[in-house]
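Every number in this text was worked out from the coordinates using simple rules, so none of it is lab data. Computed from a predicted model, the values in this text were never measured in an experiment. Positions of Cβ are generated from backbone atoms using ideal geometry, with glycine treated the same way; all protein chains shown enter the neighbour counts.
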Amino acid sequence: MPKNLILFLLFIPLVVFSQHSIKGNFTPAEDFTWAVLYQVTPTSKVYTAQARVSEGKFEFKLPENTPKGIYKIVYNVPQEIKNFDVIYNAKEDVELTFGEEKGAVFISSEENLLLKDYMNSMMDIGDDIGRLYGEASINKSEIKKEFKKLSETQNKFEKNATGTLALNFIKASKPYISSKYEDASTYIKNVKENYFNSVNFSDPVLQGSNFLIDRAIAFVMSLSDVSEKGALYYQPTIDTIFSSLGETDRGFQKIFLKNIWRNFVENNMPDPANYIAERYLIAIATELQDEALVENLTLYKNLSIGNIAPNFSWEIEEEKKILTQSLYELNVAENYIIVFWSSSCSHCLKEIPELYKSIDSFQNNEYKAIAIGLEDENSSWRSETSYFPNFIHVLALGKWENKIGRDYDISSTPTYFVLDKDKKIIFKPENFDELQQYLNKK
């Protein structure tokens, strides 16, 4: 069951006259219930309005003095991931549709439509260049024509966007454009080396948007090398991103790298996430005295697959003596399943017996379960543990505040970890069904 219910935000409605609005439709409608609008700056966001979502429809009625700028619509948690940007020029209403697969599609709003048109046009030309390079017989003159078209399109949109916030994004999106024919390998090399040449990381408009984050993630995902083992060799691309930040404000660097880190975490990519943390972000967070961020980054790294699980100890009774046993001292099985549970958790009381049966079906101590009870008191826990004599039972009083639970970042029960004989984390199932599937493959 959840550690607590996440209450997003409660605001007193603003009683003002509305000059313009930002409205639209979320799809699928049933997946959205609320939305909050923020004006964003390089290092903060300021609440502007909120809206209930009814049958997918939402509308933010903006105060009359709402300034132009980059605004962020947050539609779920975590807020750092579940959001998208809107340009508001203080001259017109904005209307759009949004779905997590397709993103924001603007119906009305001159600047947002101009930027979208630019992105689509440049993408079409890029696709044509890729197609021409992929043909068996390379047509050099056609490729040169596409390079010229790329340059002309860039110049056209920059001219059309003069005086708008969209211009900041159009200039920063300018791709590498060759003035002559290049073979495929040379072209790709130059695209990679010049990827951030047009990006001004000090631009407050770009800093307040998702643009820099999205561009950085795209750089890692599309231009990282693949090793002989098939793994993504991402370190040079991440190093290039940090180098491109130059002398930008440390506060911005922290937020920027934290958001990239979080994207990798959410997409279950611990290696690049931990590289960002260890190589750059922990040092910046330490410098800025952000102890909570340092703790979160360290906790995630410690609990990543491939790392040794955090140690903990418990008391056992042996020959009428109370002894202390620790995880690292255990040598009774080839693998261990740690389960955090509670005797007051209904899901736990359903799954723990199933786990007991599953492990009991294995032979020769292939698996041993360590059941850690996060409890407020021990009476009901002692009663429940009597049904599972083959488990190693650990009482963790203090429930969510218990040190063992904190070391394993436990926010809900039941939560599972699978360790090998050396106590290295080898699997972190999202739920009991995933754990069963894992065990059944063994």
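Some observations on this one:
- Square roots of five times the Cα gyration tensor eigenvalues for the range 323-372, Å: 21, 16, 6
- Taking GLU101, GLU315, GLU64 as the candidate residues, the one with maximal mean-square fluctuation in a Gaussian network model of the chain, Cα springs under 10 Å, is GLU101.
- Cα shape, the range 309-425, gyration tensor, a/c 1.5 rule: rounded
- Distance violations [Cα-Cα > 19 Å] among LYS301/LYS428; LYS45/LYS116; LYS321/LYS403: LYS45/LYS116; LYS321/LYS403
- With 5 Å bins from 0: P(r) over the range 271-359, alpha-carbon pairs, percent: 2, 10, 13, 13, 15, 16, 12, 10, 6, 2, 0
- Cα lying deepest toward the dipole's positive end in the chain, options ILE284, SER361, ASN210, charges on Cβ: ASN210
- Net charge dipole, the range 55-157: roughly 400 debye, given to the nearest 20, about the Cα centre with Cβ charges of +1 for Lys and Arg and -1 for Asp and Glu.
- Considered as an equivalent ellipsoid built on the Cα gyration tensor, the range 179-312 has semi-axes of 28, 21, 10 Å, the largest given first.
- Rg and Dmax, both from the Cα atoms of the range 59-185 and both in Å, are 18.2, 60.
- In terms of overall dimensions, the C-alpha atoms belonging to the range 61-102 reach 30, 19, 16 Å along their principal axes, ordered largest to smallest.
- In the chain, helical runs assigned H by DSSP with n ≥ 4 each contribute -39500 (n - 2.57); averaged across all residues and rounded to the nearest 500, the mean residue ellipticity at 222 nm is -11500 deg cm²/dmol.
- Net charge dipole size for the chain [Lys, Arg +1 and Asp, Glu -1 on Cβ; Debye, nearest 20]: 900
- Among the listed pairs LYS72/LYS189; LYS23/LYS91; LYS156/LYS180, those beyond 25 Å (Cα-Cα): LYS72/LYS189
- With a simple spin-label model that places each label point 7 Å from the Cα along the Cα-to-Cβ direction, the separation between GLU291 and ASN160 comes to 5.4 nm.
- Across LYS57/LYS350; LYS68/LYS171; LYS61/LYS149; LYS140/LYS171; LYS145/LYS171, pairs whose alpha-carbon gap is larger than 31 Å: LYS57/LYS350; LYS61/LYS149
- The chain gives an Rg/Rh value of 1.05, both radii derived from C-alpha positions and Rh following Kirkwood.
- Highest mean first, the peptides 27-40, 364-377 sorted by other C-beta atoms within 10 Å per residue fall in the order 364-377, 27-40.
- Aspartates and glutamates with Cα under 13 Å of LYS144, excluding same-chain neighbours fewer than 8 positions away: ASP128, GLU152, GLU182, ASP183
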